[in-house]
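The values are calculated or read from the model by the stated rules, or taken from the named source; none is laboratory data. Since the structure is predicted, the reported quantities are computational estimates derived from the model, not experimental observations. Cβ atoms come from the backbone with ideal geometry, glycine included; neighbour counts cover every protein chain shown. Protein only, heavy atoms only, side chains kept; ligands, DNA and RNA dropped before computing areas. Shrake-Rupley method; radii C 1.70, N 1.55, O 1.52, S 1.80 Å.
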Amino acid sequence: MSAAAVLAVVAAAVAALAAAASGYELTKNGTVITYDRRSLIIDGHREIFFSGSIHYPRSPPDTWPDLISKAKEGGLNVIESYVFWNGHEPEQGVYNFEGRYDLIKFFKLIQEKEMYAIVRIGPFVQAEWNHGGLPYWLREIPDIIFRTNNEPFKKYMKQFVTLIVNKLKEAKLFASQGGPIILAQIENEYQHLEVAFKEAGTKYINWAAKMAIATNTGVPWIMCKQTKAPGEVIPTCNGRHCGDTWPGPADKKKPLLWTENWTAQYRVFGDPPSQRSAEDIAFSVARFFSVGGTMANYYMVVLNSNSNLFLTKKRDEISDRTDTGGFTCVNNQQYHGGTNFGRNGAAFVMPRYYDEAPLDEFGLYKEPKWGHLRDLHHALRHCKKALLWGNPSVQPLGKLYEARVFEMKEKNVCVAFLSNHNTKEDGTVTFRGQKYFVARRSISILADCKTVVFSTQHVNSQHNQRTFHFADQTVQDNVWEMYSEEKIPRYSKTSIRTQRPLEQYNQTKDKTDYLWYTTSFRLETDDLPYRKEVKPVLEVSSHGHAIVAFVNDAFVGCGHGTKINKAFTMEKAMDLKVGVNHVAILSSTLGLMDSGSYLEHRMAGVYTVTIQGLNTGTLDLTTNGWGHVVGLDGERRRVHSEQGMGAVAWKPGKDNQPLTWYRRRFDPPSGTDPVVIDLTPMGKGFLFVNGEGLGRYWVSYHHALGKPSQYLYHVPRSLLRPKGNTLMFFEEEGGKPDAIMILTVKRDNICTFMTEKNPAHVRWSWESKDSQPKAVAGAGAGAGGLKPTAVLSCPTKKTIQSVVFASYGNPLGICGNYTVGSCHAPRTKEVVEKACVGRKTCSLVVSSEVYGGDVHCPGTTGTLAVQAKCSKRPPRSAATAQ
């Protein structure tokens, strides 16, 4: 392209930017946010964006500055969060913008860290949040149907969106006012509901777009998972691999934005462990940028195959179907999941949220995920000019191999993405006359179309291992007291009576998880089985989620559904007597559903009850007349609070007591490490510390591998007093509180696992100069040029205390469990100890010469594996380190 042609292209782009800008400029003093097909544009300058989701209600406010700082350190320049309607307006007209719900403080902190922000107002957000963020009181608005062309719903949705926009405007938080917010989102993943609601869905989504734009924020609006976003609204992608599954907006004037790149999988009770590798996430982001994307946001959620259910028939003909819609949102991965405190988790969702994100539940670095993505961001920034202004082209390099290139030949600016889409084969390709090794399912980034500065499959960042440590406070003053629920309710003592069992949500109104169902019936001698070994069976069918049953005040058993199949039937043998018998069933929910159409009509609770095995046949109690009691006696008395617990009589604690409140006092563990409670010896219930609800627990429910999905529960240090903290929980089934442990959390075991095939470390070895990567002087250079270099670094205020393992050759394993191979170089540990012990950070060149490795040893992989231990204690000498 000639210089004149380049100038013509630039002039056309500037004209397009000016046209796009007209719709978003709010003030003359703020930042103008526009866009074209290549990117979002900040005051006339194209930019690339790396964003991460941090939801403010899922972390204590005192942790927000550290989380945002760590995100920026990881190479992000944008923080994203939903806005949670039911948190901000729990009762109609009653608002909460304090504590964990102080969104103004949160976005101002983002601004103080000199980062951008995305606000996803929704106000339906899903997010594995109770009711998808919609307040329960909406269900009681006459004639309301959520998220369709329904006037009552649109009225209250518009009121809330306007309220939030005005609060953000008053704080001058939109970029058009000089604030950090560059994008706002209306609605959330609506495309599959539009199909369900048909014409009414299309009318609603067009209304939502116009309503949002009319708020005049001065920044563009987005809709995720909405291929045909109306008007000026930008459609974005949600998914794992938007670079391969999403063609981008149909309107070629809109950029490719990825709002949810799922860094792992959120988990529900009953789920086994799951994770997504750092290599796969890096591959997906590099792929997205290679096809023209310029904004990626790390989010925390991966849907189970059947978890996004919606209704396609009339609302009275409920039918669950799996959402198979394509991915359509900005690269938004959860960067820090945090905790679903209190009752904020959606149906069956655990309190621990997205623990496999780059920053784990406690805000600690999850390595190598955090570091590998940081290195990717650094590499892509080396290529920014080519990505934003270069001419794109694609060159096949063989079956499942290709090069995607962005180039400005006149300016000698170029970047190439060499891709290997084979899942099982490494390969070598020839690109522009040079040979390049490309590992299986990986992308190598050539920042000047010559030099590999990053490979998605080769991890240069360190690894770490999370460990949990017994705290002495577990056994200090380990004295438990208990308060049992008052007498199990009987029909004659209830005030809410109906012929049939009532639907649960309509009774509890999201104020409690619990609803008692009770009835009584009379038996004669001839009704009971003649043989003593034969017992009648109580059969209870429920819409969900779990029940505990009692007959004549005796515990009979438990039953529950699952995330996928919430409805269930419990069958338990029991003892009955001649005369009047009493059945009492405590039904519990684990949050409201967070997805699908006709959400306002979802049901829970008991719906049929029968007695099987009587001489006279089945006794159907469904229409026998039922009494109901909303909530627990302990909840009404607020025994979890300081004032409430003093108003009841506590007794010495005993093991295996169902429907019992337990409490003990404890002092916090010393230091600043995160604190957790190990509830392995308990069953199912709810946890409090100093009156604050930390979430539901359910350790008696084991997944397919025979273990509970969650048994460690985060206790934020900001909740703890210097002495005399109260640990309390309500236990439904029974357990052994004496065996509960108080633990602290560390990530002090740091590791590296690198081969000589790794590229030189992009952060230490390269710098950008005139849009070209240049080697940093002394950055691992040797006879063969730049060498891959491992860097080990301890957490703040800690140094490397000892080297636990070190081997060069062909070691195997993972951090915390390495083993030497057949080509082990004996000098490795000595060399590593000399370089690292006593230092906070050390660098280790990966080269056979350094460690005396045998390059001719059969099976050698040229790999260095090291595990080191960090500590605040003075380091031992290298000679005595073990």
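Brief remarks follow.
- Applying a threshold of 6 Å to beta carbon distances and a minimum spacing of six or more residues, or different chains, the list of pairs starting in the stretch 193-218 at a residue that is open to solvent by less than 40 Å² (accessible area, probe 1.4 Å) and ending at one that is among the acidic types (D, E) and outside any helix (DSSP H, G or I) reads A208/E187.
- Reported count of residues in the stretch 541-586, each being free of Cβ contacts under 8 Å to residues at least 60 places away in the same chain and under 23 Å from K493 (Cβ atoms), is 12.
- Check on Y697, within 15 Å of E361 (Cβ to Cβ), touching a Leu at 6+ places or on another chain (Cβ under 6 Å) and open to solvent by 20 Å² or more (accessible area, probe 1.4 Å): no
- Here the stretch 593-614 is the region considered, the condition is being open to solvent by less than 20 Å² (accessible area, probe 1.4 Å) and among the charged types (D, E, K, R), and the residue that is farthest from A347 (Cα to Cα) is E600.
Let's see how each residue does on (1) β-branched (V, I, T); (2) in contact with a Leu (Cβ under 9 Å, 6 or more places away or on another chain):
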{"position": "V479", "(1), (2)": "yes, no"}
{"position": "E485", "(1), (2)": "no, yes"}
{"position": "I496", "(1), (2)": "yes, yes"}
{"position": "R500", "(1), (2)": "no, no"}
{"position": "K532", "(1), (2)": "no, no"}
{"position": "G544", "(1), (2)": "no, yes"}
{"position": "M574", "(1), (2)": "no, yes"}
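- Only a single criterion out of (1) assigned to a loop (DSSP other than H, G, I, E, B); (2) touching a strand residue (DSSP E or B) at 6+ places or on another chain (Cβ under 6 Å); (3) of a type in the set (G, A, S) is not satisfied by S520, namely (1).
- Residue in the stretch 359-378 that is in contact (Cβ under 8 Å) with a residue 24 or more places away in the chain, surrounded by fewer than 22 Cβ atoms within 10 Å (Cβ to Cβ) and over 26 Å from S277 (Cα atoms) present: no
Okay, residues lined up against (1) part of a loop (DSSP other than H, G, I, E, B); (2) of a type in the set (G, A, S); (3) under 30 Å from V866 (Cα atoms):
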| residue | (1), (2), (3) |
| --- | --- |
| P669 | yes, no, no |
| V676 | no, no, yes |
| P681 | yes, no, no |
| F688 | no, no, no |
| G695 | no, yes, no |
| L727 | no, no, no |
| D738 | no, no, no |
| L743 | no, no, yes |
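- The set of residues in the stretch 601-621 being closer than 15 Å to A549 by Cβ and not hydrophobic (A, V, I, L, M, F, W, C) consists of G605, Y607, T608, T610, Q612.
- In this entry, T562 passes the filter for residues that are open to solvent by 10 Å² or more (accessible area, probe 1.4 Å), at pLDDT 95 or above, assigned to a loop (DSSP other than H, G, I, E, B) and over 17 Å from N615 (Cβ atoms).
- Residue list for the stretch 750-764, restricted to those being in a strand (DSSP E or B), surrounded by 18 or more Cβ atoms within 10 Å (Cβ to Cβ) and either modelled with pLDDT under 95 or not aromatic (F, W, Y) (or both): I750, C751, T752, M754
- Members of the stretch 644-680 that are acidic (D, E) and crowded, with 18+ Cβ neighbours inside 10 Å: D673, D678
- Of residues in the stretch 411-464 being of a type in the set (K, R) and assigned to a loop (DSSP other than H, G, I, E, B), the one least open to solvent (accessible area, probe 1.4 Å): R441
- Test for D575: is it open to solvent by 40 Å² or more (accessible area, probe 1.4 Å), assigned to a helix (DSSP H, G or I) and not assigned by the TED database to the domain that holds T148: no
- Selection status of K511, surrounded by fewer than 19 Cβ atoms within 10 Å (Cβ to Cβ), under 40 Å from the mean Cα position of the chain (by Cα) and not assigned by the TED database to the domain that holds I740: yes
- Restricting attention to the stretch 819-848, the residues that are touching a strand residue (DSSP E or B) at 6+ places or on another chain (Cβ under 8 Å) and open to solvent by 50 Å² or more (accessible area, probe 1.4 Å) total 9.
- Looking only at the stretch 30-68, residues that are open to solvent by 40 Å² or more (accessible area, probe 1.4 Å) and in contact with a Ser or Thr (Cβ under 9 Å, 6 or more places away or on another chain) come to 6 in all.
- Look at (1) part of a helix (DSSP H, G or I); (2) open to solvent by less than 10 Å² (accessible area, probe 1.4 Å); (3) touching an Asp or Glu at 6+ places or on another chain (Cβ under 7 Å) and you find that W137 fails only one, number (2).
- Within the stretch 397-409, the set of residues being in contact (Cβ under 8 Å) with a residue 40 or more places away in the chain and open to solvent by 90 Å² or more (accessible area, probe 1.4 Å) comprises K409 only.
- Residue count, the stretch 363-382 (criterion: in a loop (DSSP other than H, G, I, E, B) and hydrophobic (A, V, I, L, M, F, W, C)): 1
- Pair list, Cβ under 6 Å, 6 or more apart: the stretch 49-63 residue in a strand (DSSP E or B), other residue acidic (D, E): S51/E80; S53/E80
- Residues satisfying the stated conditions in the stretch 729-749, i.e. touching a His at 6+ places or on another chain (Cβ under 8 Å) and either open to solvent by 10 Å² or more (accessible area, probe 1.4 Å) or under 26 Å from W389 (Cβ atoms) (or both): L743, T744, K746
- Residue count for the stretch 152-192, restricted to those that are without any contact (Cβ under 8 Å) to a residue 40 or more places away in the chain and over 19 Å from T215 (Cα atoms): 1.
- Failed criterion for E767 (all others in (1) without any contact (Cβ under 8 Å) to a residue 12 or more places away in the chain; (2) in a loop (DSSP other than H, G, I, E, B); (3) of a type outside the set (K, R) hold): (2)
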